Amino acid sequence: MISEPELVGEDGPGSSPDVVSGFDQEQGPAAGRRRWHGALWGVAGALTASAVWAAAVFGYGVGGDGKPDARGYRVESGSCAAMELKELARALGKPESETTTEMDGIEHPALHRIRCTVDFPESELGERVGEDGAGWYTGYQASLTAELHKETDPRPEFEAGSTVTDMDGTSVDRVERVPDLGDQAYLLIMGDNTLRLSVVEGGAVMTLTLSAWMSYNESDGAEEMPDAPEEPEMLAYQGHLINDMRDVMKALKTG
């Protein structure tokens, strides 16, 4: 049973919700409190309400009609070209093939969505057994889902889905908030060797996922299969994932 996901940065008084494991953000001095009297309470309340409304309009791009601002994003059938993943390619090797566009894309007046996947080359884990190259191998796959919501604000659903402790039957070991990325961003460390980075900005929601797998290439002459090596350390790639997400976001705005 997985407990509530860890939102590092909420550990104690004075902690910032935007500071998470592996990410640092400087915080300014706490603002002092002012005491209002009499009729000024009404003025203060009106100003506060106006500030909240302005933050919704300008900070998140939601107007009076409730429709989110596209913020310049375009999500179309050819948008998988935005998935270059240069940082992950430097760490894992050049992808074995071109990015594949999945068949469950949507192009609807209320929602545009694309899904893309790419496989990185396999690599050996430990020594080979026998002349035919038997042994353990590992491989990585990256996938991108990009959505552009045109009628409804995606933030409530985004926030709910970014703090789950179980996703499609797979446990979520930890949730980390990533500062300075879109309007909100979360990194999910999952129990099946998967990192999942999700970002919302205006009406755009983007999710970049990196998954690892291990397999054993069996040899006809091998007497027994050696013990499996340690599983890949996925957190080693969190910086690559974040940098590639920044590039994807830029490409979806210019493409």
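The values are calculated or read from the model by the stated rules, or taken from the named source; none is laboratory data. From a predicted model like this one, the values you see are computed outputs, not experimental measurements. With ideal geometry, Cβ positions are generated from the backbone for all residues, glycine too; neighbour counts draw on all protein chains shown. Quick note on the areas: whole protein, heavy atoms, side chains included, nothing else; ligands and nucleic acids left out. Shrake-Rupley method; radii C 1.70, N 1.55, O 1.52, S 1.80 Å.
Taking interchain pairs and intrachain pairs at least six residues apart, which have beta carbon atoms under 8 angstrom, with the first residue in segment 110-122 and in contact (Cβ under 8 Å) with a residue 12 or more places away in the chain and the second assigned to a loop (DSSP other than H, G, I, E, B) and open to solvent by less than 30 Å² (accessible area, probe 1.4 Å)?
Once the first residue is in contact (Cβ under 8 Å) with a residue 12 or more places away in the chain and sits in segment 110-122, its partners that are assigned to a loop (DSSP other than H, G, I, E, B) and open to solvent by less than 30 Å² (accessible area, probe 1.4 Å) give His112/Val75; Arg113/Val75; Ile114/Val75; Cys116/Met83; Val118/Met83; Val118/Leu85; Phe120/Gly93; Pro121/Gly93.
Look through segment 81-93, keep the residues that are part of a helix (DSSP H, G or I), of a type outside the set (Lys, Arg) and over 20 Å from Leu148 (Cβ atoms), and return whichever of them is least open to solvent (accessible area, probe 1.4 Å).
Checking each candidate, the answer is Leu88.
Does segment 57-80 contain any residue that is in a loop (DSSP other than H, G, I, E, B), modelled with pLDDT under 90, over 19 Å from the mean Cα position of the chain (by Cα) and crowded, with 18+ Cβ neighbours inside 10 Å?
yes
Residues in segment 174-183 that are touching a Phe, Trp or Tyr at 6+ places or on another chain (Cβ under 9 Å), under 19 Å from Gly203 (Cα atoms) and open to solvent by less than 20 Å² (accessible area, probe 1.4 Å): how many?
Number satisfying all stated conditions: 2.
Can you name the strands (runs of 3 or more DSSP E) wholly within segment 151-255 that have at least 1 residues being at pLDDT 95 or above and closer than 19 Å to Gln141 by Cβ?
Output list reads 184-190, 194-201, 204-217.
Of all residues in segment 159-195, how many are among the hydrophobic types (A, V, I, L, M, F, W, C) and over 11 Å from the mean Cα position of the chain (by Cα)?
Total meeting the criteria: 5.
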